[in-house]
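Chemist: Take this structure, written in structure tokens, and hold onto it; I'll ask about it next.
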Amino acid sequence: MDRTNQPRPYKVYENLPRHSPSSESRSPETPALTAVATADADGSGPDTGDPSIHALCRHATGTTKELAVHGRQMQFRAAACTGKLYHVDLYAVCGNCGEFDPGVYHYDPHEDAFDVLRKGDYRGVLANAASEGSSGRSSDGVLAAASGDHPGVATAPVTVVATSTWWRNAWKYRQRTYRHAFWDSGTILANLLGVAHGGGHRAEVVLGFDDDPVAELLGIDPEDEAPLELIPVGSGAAVREAPAVETIDPAEKSLSRDPKEYPILHDAWRQSTLDDGAVATNWRETVRDADGLGTHGPGDGETIEIHPVDEETQSDRPLGETIERRGSLREYSHEPISDRKFATVLDRALRGAPTDCSGDVEAGARAPGRLIDCYCLVHAVDGIDQGAYQYHPEENVLERLGDTDRETAGRLALGQGVVGDAAVNVYLMADVDAIVDAVGNRGYRLAQLEGGISLGRLYLATYAHLALGGRGFTFFDDEVTQHLLPRSGDQTPMTLFAFGKPEG
């Protein structure tokens, strides 16, 4: 890595107007463990009126602390990001919403302010417009209703768009950046969903949309920065037809002295794009109806019931305070953690993420987040023998798969011995080939994203407990699969989270 060429971790527009919210960004006082446990789109707290765009963005990607590291001051963001390179940006497409006039805004985490990309209500670009006789197309013929007939986008006062700027992560991680785009947007969206749901607002993650008109709306070039997800927040009147979408190319300062290109990143993104809103709707239905996506229910192994605490006795640490407290634990004690806290972290974090592909849970459709299975390498939990287990969230049981030890755990995680020091290692795994065969290349995005959102929720559920800490790590994919055979089958790990008690 050439540190003299390291990209700046935020965008700087040359000549755009700015909007600086006058009110303080406040997150809901809803307990973090309640806010992250929402498996459907509905909010978990009392409705507080229009969503606060400022609160959503600041508590998802804003700066929460500044610390001295090796003699220099470093800023840390609200959500974890591989390598602390912060390649994910948030944009808000809104009508009249609180302090915001209708427009398209980019959130600048460095200044905690918003760049104004467009003025006017452009939400009709993202969802079918309500006006009679609307063609659903902008003046140049681009299909405007990017998400097709998605009702959440069609009635949301604001839809947040998450993007990834490839070079900001590829400077260190090269081709692996495509995977990190969904890990890191997932941890950010875990925060954003928590803030939205904790404020009583409807919110979900929409993967089914036509990518190109979204990029055009934001004025970005997908070869450099590409849209990943839409997150409609709140509900209200149906959106109207958008104004003509004129081409914009907002001038930006270069991210570094000599940006490098990794064409494989754009190629992988392009091969998973959808052509129009109708295709997006059909893809969404295909995922909802798909069978054989490679997950595993309980087998014939020994099972152990685990018992999370109920809402009345759970930690009541507010979500905002938890986000501020969240860190990346570097040293773990070998001291065992409580079985109740262990069970509560898993229960609240892994109930499933609300996406447009989840279906209606009450009507018996696939539960959210069931593209992934959860495996735990347990090293130090009261009342649970050391070993490898599969966690079955519907039954709240662990099924024993075999033995493990701390040395092996460290070896699986790129030889990082600190992972073996943790009380528990949580691997979230998916059968990527089965998913892609069933629903196409965009299924890879969905699998990685569900792993990323679950990772973000594991962070929050862990740091809601004063005595616990944790951190995401990377790993040797095939060795993890081998260690968990035969249950892991054709699965590969999406994410790894290690948690336990801090050393000292």
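We did not get these values from a lab; they are worked out from the coordinates using the rules stated. Small disclaimer: the values here were computed from a predicted structure and weren't measured. Neighbour counts run over all protein chains shown; Cβ positions are idealised from the backbone, glycine included.
Chemist: With no solvent and one point on each alpha carbon, what is the Debye value of log10 I(q)/I(0) for region 303-500 at q = 0.09, 0.17 Å⁻¹?
Modeler: -0.31, -1.18
Chemist: Quote the relative contact order of the chain in percent (integer), defining contacts as alpha-carbon pairs under 8 Å separated by 6+ residues.
Modeler: This gives 18 percent for the chain.
Chemist: Which whole-Hz couplings ³J(HN,Hα) result when phi for each residue of region 291-301 is put into the Karplus expression 6.51 cos²θ - 1.76 cosθ + 1.60, θ = phi - 60°, listed in order with x for Gly and Pro?
Modeler: Listing the rounded values in order: 10, x, 8, x, 8, 10, x, x, x, 9, x Hz.
Chemist: Cα-based Rg of region 1-57 per 2.2 N^0.38 Å, rounded to two decimals? Working shown, then result.
Modeler: Numbers: Rg = 17.8 Å, N = 57, 2.2 N^0.38 = 10.2 Å.
It is 1.74.
Chemist: Whole-Hz Karplus ³J(HN,Hα) for region 446-455, in order, using 6.51 cos²θ - 1.76 cosθ + 1.60 and θ = phi - 60°, x for Gly and Pro?
Modeler: Listing the rounded values in order: 5, 5, 5, 5, 4, x, x, 5, 5, 4 Hz.
Chemist: Quick one: Cα centre-to-centre distance for region 307-328 and region 1-66, in angstrom?
Modeler: Measuring centre to centre over Cα atoms gives 19 Å.
Chemist: Can you show me the helix-derived [θ] at 222 nm for the chain, built from DSSP H runs with n ≥ 4 at -39,500 (n - 2.57) apiece and divided by the number of residues, rounded to the nearest 500.
Modeler: Numbers: 15 runs with 144 residues, N = 504.
One gets -8500 deg cm²/dmol as the mean residue ellipticity at 222 nm.
Chemist: How much length, in nm to one decimal, is gained on full extension between residue 394 and residue 254, taken as 0.36 nm per residue of separation minus their Cα-Cα distance? If you can, show how the numbers build up before the last one.
Modeler: Values: separation 140, 0.36 × 140 = 50.40 nm, distance 4.84 nm.
Residue separation times 0.36 nm, minus the Cα-Cα distance, leaves 45.6 nm.
Chemist: Greater than 26 Å separation of Cα atoms is the criterion. Which listed pairs, 11/172; 84/501; 172/501; 119/260; 172/341, meet it? Write down the numbers at each step before the final one.
Modeler: Numbers: 11/172 18 Å; 84/501 23 Å; 172/501 30 Å; 119/260 33 Å; 172/341 35 Å.
Violating the 26 Å Cα-Cα cut-off are 172/501; 119/260; 172/341.
Chemist: When the Cα atoms of the chain are enclosed in a convex hull and the volume is divided per residue, what value in Å³ results? Let's see the in-between values first.
Modeler: Working: hull volume 70.5 nm³, N = 504.
With only Cα atoms used, the chain gives 140 Å³ per residue.
Chemist: Pop out the ³J(HN,Hα) list for region 416-421 in order, Karplus 6.51 cos²θ - 1.76 cosθ + 1.60 with θ = phi - 60°, rounded to Hz; leave Gly and Pro as x.
Modeler: 8, x, 4, 5, x, 6
Chemist: Give the long-range amide H neighbours of residue 146: residues separated by 5 or more places, or on another chain, with amide H under 5 Å away, using H modelled in the peptide plane at 1.01 Å from N.
Modeler: Under 5 Å from the amide H of residue 146 lie the amide H atoms of 126, 127, each far enough along the sequence or on another chain.
Chemist: Okay, moving on. Would you mind checking the radius of gyration and Dmax of region 1-96 based on alpha-carbon positions, in Å?
Modeler: Here Rg and the maximum Cα pair distance are 16.7, 49 Å.
Chemist: Would you mind calculating the relative contact order of region 303-500 from Cα pairs under 8 angstrom and at least 6 residues apart, reporting the percent as a whole number? Write down the numbers at each step before the final one.
Modeler: On the way: 389 pairs, mean separation 50.5, N = 198.
In percent, rounded to a whole number, it is 25.
Chemist: Another question, then. Please report the spacing between the Cα centers of region 462-504 and region 88-112 in Å, no decimals.
Modeler: 35
Chemist: Enumerate the amide H contacts of residue 494 below 5 Å, restricted to partners 5 or more residues apart or on another chain; note that Pro and chain-start residues carry no placed amide H.
Modeler: For residue 494, whose amide H was placed from the backbone, the distant partners under 5 Å are 428, 429, 430.
Chemist: Ok, one more. For a Förster distance of 56 Å, can you work out the FRET efficiency between the beta-carbons of residue 24 and residue 261, rounded to the nearest 0.05? Provide the component values of the computation, followed by the final result.
Modeler: Numbers: r = 41 Å, r/R0 = 0.73.
FRET efficiency, residue 24 to residue 261: 0.85.
Chemist: Near residue 273, within a Cβ-to-Cβ distance under 12 Å, what is the net charge of the other residues, with Lys and Arg +1 and Asp and Glu -1?
Modeler: Working: positive: 270, 442, 445; negative: 210, 211, 212, 267, 275, 276.
Here the count lands on -3.
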